C-alpha cells in the first residue's frame, strides 16, 4: 500500500503545489477520516447524534460508491441497509449467534441481496434503473412486513440486546455509549479503508470511466454491465455493514429502515455532502442529522426545513457542501 | 493481394421497414487506408456501427482475420484489435487528458482488479503519454478533458483509440466540425498514422480523402455503388452523379 500510494503522490505533485495539496488530501483521506470520526463525539451535542452520523455516514459512503463514482442513481439502497440490520438481528434473536457471526451474516446477506437486485436492475438505464431498484426494494419492505414471525412486522425486530462483546477472551462493555461508539468506529474505519482502496484501484478507474461515458468505456473494451454489477454489489456490502452496525447499536430494527423514505434520505445525504467525493457523504450525513437534531428541538416539522435546504443545494450548489468547498479551493 | 484483415459478406441492417444497409460484400487488406463516402443517409454510420459491434447485422457475416465476429459483444471488439472514434466527440469529459488515455490502455491489463493501486501500473502511464505525444497533446496531459478545444478533443479521441494498439482503426468523420486550421492538423496526424496502420474512415471532405486514401468505397441508399482507387472513383460517372456533383467546391 505505501509503495503504491506514494507513487500516486509522486505523479500528482509534479505539476503545481495546489495539485500537491489535493494529492496529499487523497493520500491521507483514510487517516483523516478516522481522526475526524475519533473527535466527532466530543464536538457534537450528544453521543447518540455522533453514533448516528457514524452509521448513516458509512451508509452514504457505500451509496456514493454507486451513485457518485459509477453514476447509477439507485432508489433502493434501504433494502441493503435493512437486510444487514434484519439478518444481524434475526441471527442473534432467533439463532443465538455470536455478535461477530451475526455481523458477518448481515454483511454477506446484504451483499447477496445487492447482487440479485443488481442483476435484475442493471439491464435498465436512467430513470428506469431508479424505478426498478425502488420497486425491488419495496418488495423487500413488504416481505419484511408480512414475515412478522421473523421480523416482528410493523413493531420491528426486538429482543437481541448485545450487552457485551466477547472476542479472543476480551470482553467489552457494549452498553457504555462511548465504548460502543469506538467499537462501531473500528468497523466503519475498516470499511472506509476498503472503499478508499477500491477507488484507488484499477477498478475504481473503470467505474469512473463508466460514469463519464458508458459508450466510450464499452468501446475501450470494458464489460460495462459486469463492472456495474460489481460496483452495485460492493456498494450493497458497505450499506449492509452500516445496517448491521445500526442493529447492534439500537438493539432493535425498526421496519422504517426498509421504507423508501430511507432510500430517499440516503440520496439526500450524499447529494448534500457532495456525490463523487470521498469525504462528501460523511459531511452530508453530518449536516442532515445535525439539522434534524437542531430543528426538531424547535419544531416537529423539521423535514420542511431540511427539505428546503436540500432543494436550495440542488439548485445552487449541486456539488454539495464538500464538493463546492473543493471547487472553491481549486479556483482560488 | 494479401489475406484480408476484415471481410464482410452480404451484411445488411434493417431498422423496422427501413433498410439502412443492403447486402454489402467487401474486404479490407492490412496497412491500407480506405475511405467510405456517400451522401447523408447513405448508410455510412450504420456500416461503421456494424464493423465496430455497436449494432448486430440483420443479415450477413463479418470476419476479422478469418474469425467470425458477427454476433460478438461490442466490448470484445477492442480486445480483438478493432478500435474506433465517433462522429460526435466521445471522451471522458471530467477526467484528465492523461487519465482518458490511461484508462483506455488499462482495459487490456486490469478490468476488475480492486486490490492493486492503479498508480502501480506505471507502464500504462508511459503508454498513455506516448499516445498523447503522437496526437500532440503531451503538454495538456494534466488538464480536464472537457476544457480542451474541439479539435484537441477529437485528437484526444484518436489517442484513446491508438493506445489500444489496434490492428484496425475505424474513424468516423475525424474532422467533423473542425475549422481549416484544425483540419490541417488532423490530416497531418492521419497521414502519420496511415503509414503503419489499417484505417477505415468516413469523411465528407473530398479533397482530404483523395490525398489520404488508397481506396474509396461509395455508399448510396444503403448500397455499395463504387469501389476503387481515388482516380477510379473520381472518373466514375455514377459516383459523380450521386455524390461528387454536390460537392464541386471540394472536388
Condition (residue is more than 21 Å from residue A:60 (Cα to Cα) and exposed (fewer than 14 other Cβ atoms within 10 Å of the Cβ)) applied to the range A:71-93: is it met by at least one residue? no
The correct count of residues that are surrounded by 18 or more Cβ atoms within 10 Å (Cβ to Cβ) and more than 7 Å from chain A (Cβ to nearest Cβ) in the range B:103-117 is 1
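Considering each of B:97, B:54, B:101, B:8 in turn, give the residue that is under 17 Å from the mean Cα position of the chain (by Cα) and not assigned by TED's automatic domain parsing to the domain that holds residue B:211. Can you show your working first?
Details: B:97 fails: under 17 Å from the mean Cα position of the chain (by Cα); B:54 fails: not assigned by TED's automatic domain parsing to the domain that holds residue B:211; B:8 fails: not assigned by TED's automatic domain parsing to the domain that holds residue B:211.
Result of the check over B:97, B:54, B:101, B:8: B:101.
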Within the range A:204-218, the residues that are under 20 Å from residue B:77 (Cα atoms) and facing another protein chain (nearest Cβ under 7 Å) are A:206, A:209, A:213, A:215, A:216, A:218
Quick one: count up the residues across the range A:94-103 that are assigned to a helix (DSSP H, G or I) and either surrounded by 17 or more Cβ atoms within 10 Å (Cβ to Cβ) or in contact with a strand residue (DSSP E or B) (Cβ under 7 Å, 6 or more places away or on another chain) (or both). 4
Could you tell me how many of the residues in the range B:118-140 are farther than 19 Å from residue B:108 by Cβ and either surrounded by fewer than 19 Cβ atoms within 10 Å (Cβ to Cβ) or at the interface with chain A (Cβ under 9 Å from one of its Cβ atoms) (or both)? 4
For the structure I just gave you, tell me whether residue B:70 is surrounded by fewer than 23 Cβ atoms within 10 Å (Cβ to Cβ), within 20 Å of the chain's Cα centre (by Cα), in the same structural domain as residue B:210 (by TED's automatic domain parsing) and over 30 Å from residue B:132 (Cβ atoms). yes
Among (1) more than 17 Å from the chain's Cα centre (by Cα); (2) under 30 Å from residue A:306 (Cβ atoms); (3) surrounded by fewer than 20 Cβ atoms within 10 Å (Cβ to Cβ), residue A:175 falls short only on (2)
Does residue A:213 satisfy the condition of being surrounded by fewer than 24 Cβ atoms within 10 Å (Cβ to Cβ) and more than 30 Å from residue A:98 (Cα to Cα)? yes
Only one of these conditions is not met by residue B:48: (1) within 14 Å of chain A (Cβ to nearest Cβ); (2) in contact (Cβ under 8 Å) with a residue 24 or more places away in the chain; (3) loosely packed, with under 15 Cβ neighbours inside 10 Å. Which number is it? (3)
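Being more than 19 Å from residue A:85 (Cα to Cα), crowded, with 18+ Cβ neighbours inside 10 Å and either within 14 Å of chain B (Cβ to nearest Cβ) or modelled with pLDDT under 95 (or both) narrows it down to one residue among A:130, A:196; which is it?
A:196
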Spot the failing condition for residue A:4; the list is (1) exposed (fewer than 14 other Cβ atoms within 10 Å of the Cβ); (2) modelled with pLDDT under 95, and only one is missed. (1)
For the range B:57-102 the number of residues that are more than 25 Å from residue B:24 (Cβ to Cβ), more than 8 Å from chain A (Cβ to nearest Cβ) and in contact with a helix residue (DSSP H, G or I) (Cβ under 6 Å, 6 or more places away or on another chain) is 5
Write out, first by first residue and then by second, each pair whose Cβ atoms fall under 6 Å of each other, whose residues are 6+ apart or on separate chains, and whose first residue, in the range A:258-269, is within 20 Å of residue A:156 (Cβ to Cβ) while the second is part of a loop (DSSP other than H, G, I, E, B). A:263/A:75; A:263/A:76; A:263/A:77; A:266/A:77
Sort out for me the helices (runs of 4 or more DSSP H) sitting completely within the range A:193-299 that have 3 or more residues that are in contact with a strand residue (DSSP E or B) (Cβ under 9 Å, 6 or more places away or on another chain). A:224-250
Tell me the residue from A:112, A:165, A:139, A:175 that is out of contact with any helix residue (DSSP H, G or I) (no Cβ under 8 Å at 6 or more places or on another chain) and not in a helix (DSSP H, G or I), please. A:175
Anything in the range A:32-69 that is in a loop (DSSP other than H, G, I, E, B), modelled with pLDDT of 95 or more and surrounded by fewer than 24 Cβ atoms within 10 Å (Cβ to Cβ)? List them, or say none. A:69
Looking for something farther than 27 Å from residue B:51 by Cα, within 11 Å of chain A (Cβ to nearest Cβ) and surrounded by fewer than 24 Cβ atoms within 10 Å (Cβ to Cβ) - is there at least one such residue anywhere in the range B:152-172? no
Kindly indicate which of A:243, A:276 is under 18 Å from the mean Cα position of the chain (by Cα) and over 27 Å from residue A:45 (Cα atoms). A:276
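The values are calculated or read from the model by the stated rules, or taken from the named source; none is laboratory data. None of the values given here were measured: they were computed from a predicted structure. Methodologically, a virtual Cβ is constructed for each residue, glycine included, from the backbone with ideal geometry; neighbour enumeration extends over all protein chains shown.
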